[in-house]
Structure formats: structure tokens, C-alpha cells
Amino acid sequence: MRRAGSSFGPQERLHLSTPGPTAQPAGLRKDTSMERLWGVLQRVQRWSPRPSQTIYKLVEGTQQGRLEEEEEDGEEGAEPPSHFCPMELRGPEPLGSRPARQSLGLWAAGRRAAPYLVLTALLIFTGAFLLGYVTFRGSCQACGDDVLVVSEDVNSELGLDSHQGTLYWSDLQAMFLRLLGEGRLEDTIRQTSHRERVAGSAGMAALAQDIRAALLREKLDHVWMDTHYVGLQFPDRAHPNTLHWVDAATGRPGEQLPLEDPDVYCPYSATGNATGELVYAHYGRPEDLQDLRARGVEPAGRLLLVRLGLISFAQKVASAQDFGAQGVLIYPDPADFSQDPHKLSLSSHRAVYGHVHLGTGDPYTPGFPSFNQTQFPPVQSSGLPSIPAQPISADIASLLLKKFEGPVAPKEWQGYLPVSPYRLGPGPGLHLGVNNHRTSTPISNIFGCIEGRSEPDHYVVIGAQRDAWGPGAAKSAVGTAILLELVRTFSSMVSNGFRPRRSLLFISWDGGDFGSVGSMEWLEVTWGLVSLSTGDDKFHAKTSPLLISLIENVLKQARVDSPNRSGQTLYEQVVFSNHSWEAEVIRPLPMESSAYSFTAFAGVPAVEFSFVEDGLVYPFLHTKDDTYENLHRVLRGRLPAVALAVAQLAGQLLIRLSHDRLLPLDFGRYGDVVLKHIGSLNEFSGDLKARGLTLQWVYSARGDYIRAAEKLRKEIYSSEESDERLTRMYNVRIMRVEFYFLSQYVSPADSPFRHIFLGHGDHTLTALLDHVRLLRSGGPGALGATSSHVAPGFQESRFRRQLALLTWTLQGAANALSGDVWNIDNNF
């Protein structure tokens, strides 16, 4: 339950999302944390939207398929094209001369970006749309009576003063960039990174109150705080974690190895002791463990030494557990960081922090929001490991590897520790003791809302992680600074005549370093999120397919300068090295991303942006060295430029998502995703046919989805834009597309990531493909991201079940997208 005046632990992120319709759990009927959104719903009936005066028509020019939005003059618009293309909002130039492109003056001309940085989870930018009929009780403080309901035009609205005229997309874009430049991003980053922000700490409680006060100063429509009581794991100061040599003669623990970074640990590790010989398993991926076994080194019954990188801590530990290992030691190898002597690098004495829960949220209340005094069933997340794990430094790893025997590791497994060559082992016997303890900890999310003018019950969320295990400059201080600057900027835009069509919800998340606990707890009540992170060289977008077209269009239109290439826009930087925009930029959402849960768990489109240099990561993430000073040095003084570029991109995406009349999500894109996987499955059609099996069901379901998407496109283009009821209905169907791909046939408690394309479990398309590959290999499949058990080989009964789960989820998505659910032929 929410407690007035309470404030809690650290965590920062940025998210954009629109949660969908969810009923309150019985135990939460009296919860008041969500009451302040009720006013949004109350005003829906009071507001009578004016008819839209907007049409789209094709614009001749170099960009084929571009649509322009103009004021209607009583004439019918041209016939729409037969194919669908994402809409680009354009309007007349503002009255007077158009402002010249602003030079931010923050980048040194001609200088190439320095650091190999991924400010992972720097900004969680959530562009998510789920149906927003949210059921809340109680009442909230209404915004003032001076709310101005303006034109429903997609890209224009009337200013507060009559002399301002109409606000078009270009006006809104110019207004946003002008107001954004007045912020103090760098000062906020510095001040935040110097504060204690561990979840549940006194310093975090003070910061939470300061963030709440900052939102109140911006005079948003609603500001409130939401408290959850979650199970977090911390080291036991009286009984720290230990690592001992095992005496070869007695088999008992002997001399202790010093853990040079004793405060660093793996939250949600199994507690207790593990003893066994040590073997080197590269990154700890399933394919690494299979390779290890194929080379005659058995991982079962032993401790594994694995390198940081490529997959999350949780995936490493889950894979080790699947192969029968007793425990895991995780270290940072210098080979995974820049070798440039002129660049900063991680000290060999440092260990790296990381949680090992294969999931997100509070693992002790899976599928339920962790409010105080709520009665929960006695269950735990299936993603909690049963073996202990502990981070160690590169120095300790070196000491261990020097004692290894056995075969030499493959060339690609060799690293840069002062050990040559790396061997697979077995190495010496070790005894690992993990004594972390679970503590019920209050965490708080802080909310601020700008109500939409015509769809206030549909909302876009932008949130930032607030907490950090260490200084967390890149981890959460940058995200918090950008969140506060966007709040200030959009509040100023409202004062200058802007009112979004949909509500904007700004959220400061807590508990992110324990696995996006704060955002996941909110999801378990209402649902919604996406993600964004930055560095300063190559630009990547890890995203849901629904957002790919929007990201490309906004990058083309947005005035976002490259943070490291003078005179170039971010889009020009992207296409300079690779004309295939999608191949250069788009990546799948990884499980360790804070945005992953929003798509894989809640069915909300999500995106995480990042800048990297040659694939090398920012070396100080999740360490005590993630300080403002190190971040500033790594970026060679370009921290303000990078943060501003991220804020510019995020803000302009926010304008499109909250202000467009029709939601700019490419709902037909998933047809291409299915086709790509079918191409891989077709390779095995002969093997399946020989067993009397077929993939025809999947082919038929994909065909139905493609037809449903085309049907919706035609309906939209042939509809009257002035019909607000139809517009709202179409937006609801578009918003729900991602949600349709959550399998309804598996339990959220057992398989929380139910998305059939991006999720984790036996119900996914990737799991089906891995299973079918066993027809050729005859051995265990690639299991890390899609299965929790090592399968003995191809099983016909399992294949039939996987095919049925996948097919009916895809077919259900096609039915729902069509909207004509009473007239659909489901016969295959």
C-alpha cells in the first residue's frame, strides 16, 4: 500500500509506454497509489472532441511514399496508395521566417568520438502502446479549469495566444529543441552521481523526495509516489562471501583467496557452499558448454570460471545449472575492453556487479505486485538459480588460471590475462561460500502526468532508472538528468500552447539494479515500457519490430546532430558507413535490457538506443568506478553533447507517439518476422515429412495475419478522418498488436516472458527452431535463451505441443487484428 510522505531507494531509467487494461487484484482494491490517474478517465466523458480537419496526401519528391498532412478545405482527398507506408507528418512553415538550424556548439569540429562506451541503461526510453482503459478507483486532484481543448488535427493545434496561429509538426519540433537547450544536464548528472542511491538506503529516500519536489515545481497535472515492498538480496556484512582452496589431501577448505572487491556480489544467487574442481567455460553460453563437453571436459559437478560479456549474468548461471555445474565465478577479461593505452580501462582489482535472476521484478512474488500486507501464494520465480555465483576480479582469475591443466582452450577462447595459454582444466579444487541474505525493502516509483487533450486514457510513458549499486553515473545519473530535462521541456511546451493528444506519464523507477524491479512491479499492476542507452560512436536501436519504421522516420526528420561528427546529423552518420539502414542499426532486445520485460512480459513495443565504438563496452558499468569523473574522461568532454543528443531523439519520438492522430506503429512488420523464421524452418521440411509431420499450420496462421494487417490498412485509408470513434477504434487495435503475441497458453508465473518471438521458453518460435535442428544434430539444442532444460534430442510430442502453442497464438493475433472475430475461418 502507498504511504503518504514515504520515499525510498535508488534507481533511474527512462521509459515510454502506454499500459493496457488491467483489473486490480483483489488484494489491492484499496490501493491508492494509482488513484491519481482516475481523473484522466473522468475527463474523457467531459471532453467533446472536435472533428479532425486533417487529411494525408502523397507528396511528390525524392522520398517515395511520403505523406503530407494538410488542413482540409472541404474537398475529398486523393485515393490512398494500395500499399502501406509509415506516415510522415508535415505542415506549412510557421509564420515568419523559419528558424535556422541551431548549432549546439558542444562538439569539437572534425573530432572522432573517443570512447568505446555503452551507457547501458543510461536511458530507458519506452515507446509503448497498450490499450489504456485502466481501471482505477478513487479520485485525483484535477488540473485547473483553464485546460484548453484545441483542434484535433494530427500535427496542429491552436496556441494559447491568438497571434501564435496554428502549431504544426515543424513548430512543435522547433519549440521542443529551443526549450530543451535551456537545461542543465551536466550539472544534474554530476550532482546525482555523487549521491548514495542504493535501493532502500537513506540516501535514496532523500533523492526520491527531491525528484518528487522537482516534478511538483513543473506544475504537471498530477504528481504522486508509488511504494512497493520487495525482496532484495544484500551481502551479509557479518558473514561475507568467501573463496577457499580445497586441500587435496583432506578434501576440506584450506587457504582463503582474498576477494579484492568484497562488496561486489550477485543478487539472487543461491546461498550456501559449493565445492569442486574449476574449469574454464569462456562466456558460459550453452554452445560454450557443449564445446567444452565435446573436448572431453565435463562441466557437471564442477565450478565454472566464465568471462563477463555477450550474455547476462543470469543467463550464464542458468546455462551452468542446466549442464550440472555446482557454481559459477564471473570475471572481467581485459580482452573484452579496449586495449588502447590512451584510454581508461578497468582496474585488474575490480570485480563487476550483476544480478542472476533469469527474469525481472521481485522473484519472490512472480506475477503479483509487491504491495505491503498483500497476501501472496507461496511461490518463487522459476528464474531463481539453485547454484551459487560470485564475481571475482581479473587478478584472482589470473591466479586460478595459472593452476589449470588439461587441453589448451581454442584460439577464440584465449584472453589477455597474464596466462599463456588459457587451458580448459580441470584446475584446482575450490570451495565457494555465498552468504547473501534476503531483505524486505521498500522501493518507490515517482510519477508525473501531463494529460492528453483527446485520448487522455491512452498514455505514453517515459521513465528513467534512479537507483545504482555504485556511483552509477552512466547507469542511472544520465537517465535521471534526461528525464528531468524532458519534464521541464514538455511542461514549458504546454505553457506555450502545446497539449498532446495522449497523456504523457514521466516515471522515475527504483530497484533497477536488481533486475528492473520497480518498473516490473508497476507493470504487474498496469503494464507499459521501452529503453534507451548511449555512448558516442555507432548508433544501435534494440527494439520491437513495430517501432522500426517510426525510428527511421524520426531520425530522418529529427534535428539531432551526431554527437561526434561535426556537420552531420545522426541519420547521416548511420547511413554513411552502411546504406542498409536496418542492418546497420536494428538489433533484437536482449534480456538484460530494462526494456525487455515491457515487450516480452507485458506485450508493449520497446526500444533501447545505444552508441558503441567497435563493439567495445564502457568498462566501468556496474562497478565502483562508474563515476562522473570517469564518464567525463571517457567521453573526452562530450558528455553534455551525448546526453543532449539522446534527449533530442527521445523528445521528438515522444511528440510523434503522443501527438499523431493515428499511432505510427508498423503492425504489418511481424509478417516479415514470421517469414524470416519460416525460411529457417523450411530447411527441415523434408526431415519432418519423413516423420509424418508438417509446418503447414504455421504457414496458414502467417497468411491469416498478413491478410488481417492488409485489411486494417485498407480500412484506415478508406475511413473518414473526421470520425473520432473510428480513429480511436483503429488506435486500440494497433496498440494491442504486441500484446496479441503473448502466448495465452503458458503460465506467467512459470514463463513470464510469453512473447512468441522475443520471449523465453518452450512456447517461442526460436525454441521451435532450436528443437527442429535436433533432427540433424541428434544432440542437445541451443538452449540458453529459450529453454531451461537440456533436451535429450528431438521429441515428436514436444514438437507437436510447440507447434500448437505457436500456431494458435499467431492465429489469435490475426483474428484480433482483423477485428472481425465472428467471421473467421480457422480451418487449416
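Taking segment 344-392 as the range and being at pLDDT below 80 and either of a type in the set (Phe, Trp, Tyr) or in contact with a Lys or Arg (Cβ under 7 Å, 6 or more places away or on another chain) (or both) as the test, the residues that pass are Phe368, Phe371, Phe376.
Each residue in segment 571-611 was checked for being buried (at least 19 other Cβ atoms within 10 Å of the Cβ) and more than 21 Å from the chain's Cα centre (by Cα), and 3 pass. Report whether or not Gly309 is open to solvent by less than 50 Å² (accessible area, probe 1.4 Å), out of contact with any Ser or Thr (no Cβ under 8 Å at 6 or more places or on another chain) and free of Cβ contacts under 8 Å to residues at least 60 places away in the same chain. Criteria not met by Gly309.
Could you please let me know if Lys689 is open to solvent by 10 Å² or more (accessible area, probe 1.4 Å), of a type outside the set (Gly, Ala, Ser) and within 25 Å of Ile311 (Cα to Cα)?
Numbers: open to solvent by 10 Å² or more (accessible area, probe 1.4 Å): yes; of a type outside the set (Gly, Ala, Ser): yes; within 25 Å of Ile311 (Cα to Cα): no.
No.
Of all residues in segment 338-361, exactly one satisfies the criterion of being surrounded by fewer than 21 Cβ atoms within 10 Å (Cβ to Cβ) and of a type in the set (A, V, I, L, M, F, W, C), namely Leu344. The residue of segment 635-670 that is modelled with the lowest pLDDT, among those that are hydrophobic (A, V, I, L, M, F, W, C) and part of a loop (DSSP other than H, G, I, E, B), is Leu635. Consider segment 389-404 and keep the residues that are open to solvent by 10 Å² or more (accessible area, probe 1.4 Å) and outside any helix (DSSP H, G or I). The one that is farthest from His431 (Cα to Cα) is Lys402.
Within segment 227-249, residues that are over 25 Å from Leu278 (Cα atoms) and open to solvent by 30 Å² or more (accessible area, probe 1.4 Å) sit with their Cβ atoms under 6 Å from residues that are of a type in the set (S, T, N, Q) and not in a loop (DSSP other than H, G, I, E, B), at 6+ positions apart or across chains, in these pairs: Tyr229/Ser440; Phe234/Thr439. The lone criterion from (1) under 21 Å from Leu546 (Cβ atoms); (2) in a loop (DSSP other than H, G, I, E, B) left unmet by Asp626 is number (1). Does Pro299 qualify as being out of contact with any Ser or Thr (no Cβ under 6 Å at 6 or more places or on another chain), more than 20 Å from Phe620 (Cβ to Cβ) and buried (at least 20 other Cβ atoms within 10 Å of the Cβ)? So Pro299 passes the test.
Considering the conditions (1) closer than 26 Å to Ile450 by Cβ; (2) without any contact (Cβ under 8 Å) to a residue 40 or more places away in the chain; (3) among the charged types (D, E, K, R), Arg661 is excluded by exactly one of them, (2). If Val634 meets every condition in (1) of a type outside the set (Ser, Thr, Tyr); (2) out of contact with any helix residue (DSSP H, G or I) (no Cβ under 8 Å at 6 or more places or on another chain); (3) surrounded by fewer than 21 Cβ atoms within 10 Å (Cβ to Cβ) apart from one, which number is that one? Result: Val634 passes all but (3). Could you tell me whether Ser680 is outside any loop (DSSP other than H, G, I, E, B), small (Gly, Ala, Ser), out of contact with any Phe, Trp or Tyr (no Cβ under 7 Å at 6 or more places or on another chain) and open to solvent by 10 Å² or more (accessible area, probe 1.4 Å)? Criteria met by Ser680. Is there any pair linking a residue in segment 687-700 that is in contact (Cβ under 8 Å) with a residue 40 or more places away in the chain to one that is part of a loop (DSSP other than H, G, I, E, B), with Cβ under 7 Å and at least six apart or on different chains, and which? Qualifying pairs under 7 Å: Leu688/Thr694; Leu688/Leu695; Gln696/Phe828; Trp697/Phe828; Ser700/Phe828. So how many residues does segment 702-732 have that are open to solvent by 30 Å² or more (accessible area, probe 1.4 Å), more than 20 Å from Val674 (Cα to Cα) and within 28 Å of the chain's Cα centre (by Cα)? Adding up the residues that qualify gives 2.
Filter segment 196-215 down to residues that are outside any loop (DSSP other than H, G, I, E, B), hydrophobic (A, V, I, L, M, F, W, C) and in contact (Cβ under 8 Å) with a residue 24 or more places away in the chain, then give me how many there are. So that I can check it myself, show each step before the final result.
From segment 196-215, those outside any loop (DSSP other than H, G, I, E, B) are 202-215; that's our starting set.
Then drop every residue that is not hydrophobic (A, V, I, L, M, F, W, C), which leaves 202, 204-208, 211, 213-215.
Next, from what is left, pick out any that are in contact (Cβ under 8 Å) with a residue 24 or more places away in the chain: 204-208, 211, 214-215.
So the answer is 8.
Applying the set (1) open to solvent by 10 Å² or more (accessible area, probe 1.4 Å); (2) modelled with pLDDT under 75; (3) polar (S, T, N, Q) to Thr627 leaves exactly one unmet item: (2). Considered as a group, the residues in segment 318-359 that are assigned to a helix (DSSP H, G or I) and among the acidic types (Asp, Glu) include one that is farthest from Pro267 (Cα to Cα), and that residue is Asp336.
Being within 30 Å of Leu384 (Cα to Cα), in contact with a helix residue (DSSP H, G or I) (Cβ under 9 Å, 6 or more places away or on another chain) and of a type outside the set (Gly, Ala, Ser) is true for just one of Val198, Val223. Which residue is that? Outline the logic, then answer.
Numbers: Val223 fails: within 30 Å of Leu384 (Cα to Cα).
Going through Val198, Val223 in turn, the sole match is Val198.
Looking at Arg453, Arg502, Arg488 in this structure, which one is basic (Lys, Arg) and open to solvent by 10 Å² or more (accessible area, probe 1.4 Å)?
Values: Arg453 fails: open to solvent by 10 Å² or more (accessible area, probe 1.4 Å); Arg502 fails: open to solvent by 10 Å² or more (accessible area, probe 1.4 Å).
From the options Arg453, Arg502, Arg488, the qualifying one is Arg488.
Collect the residues in segment 257-288 that are under 17 Å from Gly327 (Cα atoms), not β-branched (Val, Ile, Thr) and not in a loop (DSSP other than H, G, I, E, B), keeping them in residue-number order.
The first filter runs over segment 257-288 and keeps only residues under 17 Å from Gly327 (Cα atoms), leaving 257, 259, 264-286, 288.
Next, from what is left, pick out any that are not β-branched (Val, Ile, Thr): 257, 259, 265-270, 272-274, 276-278, 280-286, 288.
Of everything in segment 257-288, those that are under 17 Å from Gly327 (Cα atoms), not β-branched (Val, Ile, Thr) and not in a loop (DSSP other than H, G, I, E, B) turn out to be Leu257, Gly272, Asn273, Ala274, Gly276, Glu277, Leu278, Tyr280, Pro286, Asp288.
Restricting to segment 618-634, what's the tally of residues that are in contact with a strand residue (DSSP E or B) (Cβ under 9 Å, 6 or more places away or on another chain) and among the hydrophobic types (A, V, I, L, M, F, W, C)? Count: 2. Please go through segment 312-326 and give me each residue that is open to solvent by less than 20 Å² (accessible area, probe 1.4 Å) and on the phi > 0 side of the Ramachandran plot, ordered by number. If the condition is that a residue be open to solvent by less than 20 Å² (accessible area, probe 1.4 Å) and on the phi > 0 side of the Ramachandran plot, then no residue fits.
When Asp704 is tested against (1) part of a helix (DSSP H, G or I); (2) among the acidic types (Asp, Glu); (3) out of contact with any helix residue (DSSP H, G or I) (no Cβ under 9 Å at 6 or more places or on another chain), exactly one condition is not met: (3).
Condition check ((1) surrounded by fewer than 20 Cβ atoms within 10 Å (Cβ to Cβ); (2) polar (S, T, N, Q)) across all residues:
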| position | (1), (2) |
| --- | --- |
| Asp171 | no, no |
| Arg190 | yes, no |
| Gln209 | yes, yes |
| Leu216 | yes, no |
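Going through (1) under 30 Å from Pro299 (Cα atoms); (2) open to solvent by 10 Å² or more (accessible area, probe 1.4 Å); (3) of a type outside the set (A, V, I, L, M); (4) not in a helix (DSSP H, G or I) one by one, Thr439 falls short only on (1). Among the residues of segment 692-701, those identified as surrounded by fewer than 17 Cβ atoms within 10 Å (Cβ to Cβ) and not in a helix (DSSP H, G or I) are Gly692, Thr694. Going by what's in this entry, would Ala474 be described as among the small types (Gly, Ala, Ser), modelled with pLDDT under 90, in a strand (DSSP E or B) and surrounded by 24 or more Cβ atoms within 10 Å (Cβ to Cβ)? No, not satisfied.
The values are calculated or read from the model by the stated rules, or taken from the named source; none is laboratory data. Note that this is a predicted model, so its numbers are computed, not measured. Cβ sites come from the backbone with ideal geometry, for glycine too, and all protein chains shown count toward neighbours. Accessible surface is based on the protein model in full, side chains and every heavy atom, while ligands, DNA and RNA are left aside. Shrake-Rupley method; radii C 1.70, N 1.55, O 1.52, S 1.80 Å.
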